[in-house]
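Working notes, beginning with the structure itself.
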Ligand code: SF4
């Protein structure tokens with residue numbers, strides 16, 4: 001439960017305001033601390049005990065856990081709300097692919113290839129799965145370790161190492177400790193044996209309980225031993241249980257501030273669903289229901305893409321329209337005589353315009369002006385797509401150095417900015433009013449391209 005400023009102020013020294021924290025009173029400091037605007041160490045008069053208590057109270061309700069290392073590391077947790085519309089969700093779940101050491105060499109190679117190659121460009125982003133989960137299923141430790149080595153050498157994606165056999169699990173960890181893998185499962189049966197080994201080379205760990213209640217003593221014990229990079233698995237056996245458990249964990253962590261459940265979670269549609277379609281549906285439901293890592297037994301482009309788009313939609317900040325970066329984009333390798341279009345940076349607008357250009361098969365530049373993610377007409381009405389600001393953007397984006405003509409196509413819906421835009425560009429550019437809808441480019445763009453081609457000759 002978030003701590004309030006008035007709750008914090010009771011813990012402060014309450015001296016005559018010395019202002020050493022940079023605030024006029026202890027109360028002002030407390031209010032700022034509660035909202036995350038300053039840090040505990042700014043008050044030099046707090047005892048170590050109070051500091052620790054405050055840090056605990058101010059910690060996010062769900063701990064941030066990092067799996068993997070380098071550019072591809074996966075960060076999960078640190079969520080602040082139950083419902084997305086209350087604020088936003090921050091860290092999208094990692095989508096993982098299980099690789100059993102019982103699978104054939106060809107299947108293992110295929111799965112490694114999938115994790116590397118199944119990537120989808122999507123409105124300025126690249127959507128992809130992000131984890132591999134080597135699974136000790138064969139009973140042959142050497143086979144499992146060979147699989148872990150192979151995965152390590154072939155990819156740099158984060159890994160979830162899965163083994164009920166502790167010796168195999170920690171031997172696998174030793175192979176790739178520098179890659180910060182998630183070790184799974186730590187249970188009530190193996191926790192005593194595991195704790196010293198985890199402390200030897202700290203790694204995030206997946207804790208599995210038989211049910212929700214049984215997780216509590218495990219996470220408390222780990223925390224008491226200084227192990228806090230924890231991911232929870234309440235051992236749900238089907239989709240209904242998984243939704244119930246995930247919801248309970250999220251509510252307990254955020255509404256009640258129940259620390260033993262203040263960690264991200266892992267779910268295994270690969271183990272709890274019976275076939276491919278049910279697995280995809282289970283994973284899809286658990287994207288909505290708070291899972292932080294979702295492991296599938298397999299996927300292809302047809303089952304993975306909808307999952308990734310759903311994840312993108314759920315984890316997009318609802319407070320801001322989805323936008324693409326301000327710059328000029330090259331569509332189909334344009335040259336110095338290719339048409340230049342301009343639009344606003346609402347992701348959907350950019351996607352429609354660039355797709356319409358692609359359909360014409362005419363290479364072109366699409367200049368995208370930052371308009372806080374608004375569509376063209378709304379941006380114009382809000383004063384974010386007027387002649388002056390569009391002109392300033394054209395000057396600074398560098399498109400003038402890429403083309404040998406000065407003809408700029410503006411969306412037909414904002415034809416009225418033509419005069420102001422010409423003025424802003426010192427009458428150096430010819431402003432051409434394009435169609436009102438992107439679909440009109442099919443007929444419009446070939447005509448413009450023909451005229452530009454004539455300039456070339
Ligand atoms: S430094 Fe500490 S004691 Fe001094 S005003 Fe700030 S909060 Fe109060």
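The values are calculated or read from the model by the stated rules, or taken from the named source; none is laboratory data. Quantities reported herein were computed from a predicted structural model and do not represent experimental measurements. Cβ placement follows ideal geometry from the backbone for every residue including glycine, while neighbour counts extend to all protein chains displayed.
Summary of values
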| read-out | value |
| --- | --- |
| Number of positions in region 316-330 that are touching a helix residue (DSSP H, G or I) at 6+ places or on another chain (Cβ under 8 Å) and over 30 Å from residue 395 (Cα atoms) | 1 |
| Total residues in region 323-361, condition assigned to a loop (DSSP other than H, G, I, E, B) and surrounded by fewer than 19 Cβ atoms within 10 Å (Cβ to Cβ) | 8 |
| Failed condition for residue 17, given (1) under 29 Å from residue 231 (Cβ atoms); (2) within 8 Å of the ligand (Cβ to nearest atom) | (1) |
| Scan of region 371-402 for residues that are part of a loop (DSSP other than H, G, I, E, B) and touching a helix residue (DSSP H, G or I) at 6+ places or on another chain (Cβ under 9 Å), ordered by number | 371, 372, 373, 374, 375, 383, 384, 385, 386 |
| Tabulated pairs, region 235-255, first free of Cβ contacts under 8 Å to residues at least 12 places away in the same chain, second surrounded by fewer than 19 Cβ atoms within 10 Å (Cβ to Cβ), C-beta under 6 angstrom, 6+ apart or interchain | 252/258 |
| Test: residue in region 405-417 that is within 35 Å of the chain's Cα centre (by Cα) and part of a helix (DSSP H, G or I) | yes |
| Residue in region 10-23 that is at pLDDT 90 or above, over 28 Å from residue 261 (Cβ atoms) and either surrounded by fewer than 18 Cβ atoms within 10 Å (Cβ to Cβ) or touching a strand residue (DSSP E or B) at 6+ places or on another chain (Cβ under 8 Å) (or both) present | yes |
| When residues of region 193-231 are limited to those that are buried (at least 18 other Cβ atoms within 10 Å of the Cβ) and in contact (Cβ under 8 Å) with a residue 60 or more places away in the chain, the one nearest to residue 175 (Cα to Cα) | 204 |
| Residues located in region 149-170, provided they are within 22 Å of residue 195 (Cβ to Cβ) and surrounded by 18 or more Cβ atoms within 10 Å (Cβ to Cβ) | 159, 160, 161, 162, 163, 168, 169, 170 |
| Selected residue (criterion: farthest from the chain's Cα centre (by Cα)) from residues of region 263-297 that are assigned to a loop (DSSP other than H, G, I, E, B) and modelled with pLDDT of 95 or more | 297 |
| Residue in region 288-297 that is out of contact with any strand residue (DSSP E or B) (no Cβ under 7 Å at 6 or more places or on another chain), more than 21 Å from residue 183 (Cα to Cα), touching a residue at least 40 places away in the same chain (Cβ under 8 Å) and not assigned by TED's automatic domain parsing to the domain that holds residue 376 present | yes |
| All positions within region 25-41 that are near the ligand (Cβ under 7 Å from one of its atoms) and not in a loop (DSSP other than H, G, I, E, B) | 26, 29 |
| Subset of region 127-143 (residues that are farther than 24 Å from residue 70 by Cβ and crowded, with 23+ Cβ neighbours inside 10 Å) | 136 |
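One line per residue, one yes/no per condition, for (1) outside any helix (DSSP H, G or I); (2) out of contact with any helix residue (DSSP H, G or I) (no Cβ under 6 Å at 6 or more places or on another chain); (3) over 30 Å from residue 245 (Cβ atoms); (4) more than 10 Å from the ligand (Cβ to nearest atom):
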| site | (1), (2), (3), (4) |
| --- | --- |
| 6 | no, yes, yes, yes |
| 23 | yes, no, yes, no |
| 57 | no, yes, no, yes |
| 79 | yes, yes, no, yes |
| 103 | yes, yes, no, yes |
